[in-house]
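Below is one structure, written out as structure tokens; the observations come after it.
The values are calculated or read from the model by the stated rules, or taken from the named source; none is laboratory data. From a predicted model like this one, the values you see are computed outputs, not experimental measurements. Note: ideal-geometry Cβ built from the backbone for every residue, glycine included; neighbour counts use all protein chains shown.
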Amino acid sequence: MKILIADDEDYTREGLMEAVDWEKYEIDQVMQAANGAEAMRIASWFGPDIVLTDVRMPKMDGIEFVTKLLSCNPDCRIIFMSGYMEIEYLKSAIRLAAIDYIEKPIDLPVLCRALERAAGEIREKNKKETVSKAGREFQQQRLFNLLITKDADRKMLEKLAAETDFPLNLCMTCLILQMPGRDAGGREQLEKAGEMIRSSFCRVIGSYHREKHQYEFILSYPERERYRLPALYQKILGQFPEARLGTGMEAENCKNVYNSYKTAGMAINCAFFKEDKRIFQIDEEIMQRNYIEPGIYGEFLQILSEQPQKLGEWFEGLFEKLCSYKYYHKEQIYTLMISFLTAVYKKYPEIYGAETGIWKEEEIQIYVRRLDFLWEIRAFIRKLLECLKAKQEEQSGYGRIIRGVMDYVAEHYGEEDLSVVQIAEHLHFSAVYLNVLFKQEKKMTLKQYLSHYRLERAKQMLEQDYDKITEIAEKCGYANANYFAKVFREAVGVSPAEYRKEKGGR
């Protein structure tokens, strides 16, 4: 809370500053003024919650100052001070609804009771305003949800519209403001955008969708103001430089808001395909339903199985096609890409790791859905295929048998009982022969390679924030966390916990 002390006597002001325990009344800002005119100037920008003022002051007396102050700040609480208990001043104080009229010299307990009363009234007012605002926001949210519902109850619409002062008899348009990124800013940004719209020629109600990184608004405005909408859209985009804006068809009445909302969603969907465009409006092509060809996944699996070297070329052709059509729903694209990537990682588990940012299968969906645009998915798949190519080139110097061993280890290293014998049986060789062959090509025994591979995977996992050390030990095929810690320290020189700390993990 803020208080302004106005008195032409310096010792009175300074005495009050020292004598009163302001924190007790939740007052954290105190200003002083030496006369009524100065008090008025300070109050105009300071916005005090409480004013403690002398009645008789030079340049402007306390009664005139408070009269002017209350005309622009009617909620301010007033406490008068005076060395003269004149009846006219007392009448003025009563007329101005002052908290108290205190005689000088000031009796501190009397002043403290007046301050407690003033602070209590302000706390109660703020509490009511908070409850009122929360209730109004809740009703606005109910109205918003009802308006975007097909065949909503008319009586309930009218009731909520009256309670929230939102006109239903004007033109209406739905807007969707999409904010690419991990955090759109929540209710604060919603209110900021809403205030900007509200300060124009429109009434507005809105909703925030965290999972979609977007804000949704319903605008209500007179038909004659329709021509001003494009300028408003540009103003909104100017305020939010990273945002994309989708606009729905105009609704002539509240029954058609459902269609406006639906078409705004179709319009903003196009932002997924266009990185260089910021405003999207409805057109005939958007209205057409477009579905991914059902045979495309089978085509992909055939390429992956029979001609994996052509995956890059195949994906580039697919992305060109998707960008040229651009009206597929992005959920279809997400689902398709997650399926593609899951298949690639299953066939080539060696590409899990830091270069791709994905360490296990369940992370694929999370990672892909965090990408806001098609070009980001395209860039990621290019990087993934480059990583795969590098891995294959790295392994190309090894014979077919050794590559088979390495693939088997990459797939089964998390099994505690994985052994040289098991690997050899899988490849139909004796363990002795396979060990000799492996050492010739890799310059280490198969047992050493398995241990090294497990340690490298453990280090990769430790650098991430996801799993506990006990879980990492289990995933990397160690019998228990203590044995894992012993092996890790012998090989790396530090404990798993120390290594994680060094690498910035949690």
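Values as computed for the structure displayed
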quantity	calculated
Test: residue in the range 356-378 that is over 26 Å from the mean Cα position of the chain (by Cα) and modelled with pLDDT under 85	no
Matching residues in the range 359-385 - criterion: being farther than 21 Å from F300 by Cα and among the aliphatic types (A, V, I, L, M)	I366, L371
Verdict on E316 being at pLDDT 85 or above, assigned to a helix (DSSP H, G or I), among the charged types (D, E, K, R) and over 28 Å from the mean Cα position of the chain (by Cα)	yes
Positions within the range 138-150 being in contact (Cβ under 8 Å) with a residue 60 or more places away in the chain and either basic (K, R) or on the phi > 0 side of the Ramachandran plot (or both), in sequence order	K150
Residue list for the range 394-422, filter: touching a residue at least 24 places away in the same chain (Cβ under 8 Å), hydrophobic (A, V, I, L, M, F, W, C) and outside any loop (DSSP other than H, G, I, E, B)	I401, I402, V405, M406, V409, A410, V420
Spans of helices (runs of 4 or more DSSP H) in the range 229-304 with at least 2 residues modelled with pLDDT of 85 or more	229-239, 257-269
Residue in the range 426-444 that is small (G, A, S) and under 23 Å from F488 (Cβ atoms) present	no
Index of the failed condition, D8 passing every other in (1) modelled with pLDDT of 90 or more; (2) in a loop (DSSP other than H, G, I, E, B)	(1)
Conditions (1) at pLDDT 90 or above; (2) in a loop (DSSP other than H, G, I, E, B); number of the one not met by I3	(2)
Pair list, Cβ < 9 Å and 6+ apart or interchain, from the range 307-320 residues that are surrounded by 14 or more Cβ atoms within 10 Å (Cβ to Cβ) to residues that are outside any helix (DSSP H, G or I)	P308/Y348; W314/Q307
Filter result for the condition that a residue is loosely packed, with under 13 Cβ neighbours inside 10 Å and modelled with pLDDT under 85, over E441, E393, E416	E393
S200 being outside any helix (DSSP H, G or I), among the small types (G, A, S), over 20 Å from L157 (Cα atoms) and touching a helix residue (DSSP H, G or I) at 6+ places or on another chain (Cβ under 9 Å)	yes
Residue within the range 127-136 that is surrounded by 14 or more Cβ atoms within 10 Å (Cβ to Cβ) and farther than 30 Å from R370 by Cα present	no
Residue in the range 35-55 that is within 15 Å of A118 (Cβ to Cβ), acidic (D, E) and either touching a strand residue (DSSP E or B) at 6+ places or on another chain (Cβ under 6 Å) or assigned by TED's automatic domain parsing to the domain that holds K104 (or both) present	yes
Residue match in the range 375-385 (condition: surrounded by 15 or more Cβ atoms within 10 Å (Cβ to Cβ), within 30 Å of P294 (Cα to Cα), basic (K, R) and in contact (Cβ under 8 Å) with a residue 40 or more places away in the chain)	yes
Identity of the residue in the range 185-242, within 24 Å of F138 (Cα to Cα), in contact (Cβ under 8 Å) with a residue 40 or more places away in the chain and of a type in the set (A, V, I, L, M, F, W, C), that ends up surrounded by the fewest Cβ atoms within 10 Å (Cβ to Cβ)	M196
Condition met for A161 (at pLDDT 85 or above, part of a helix (DSSP H, G or I) and either closer than 25 Å to I279 by Cβ or in the same structural domain as E211 (by TED's automatic domain parsing) (or both))	yes
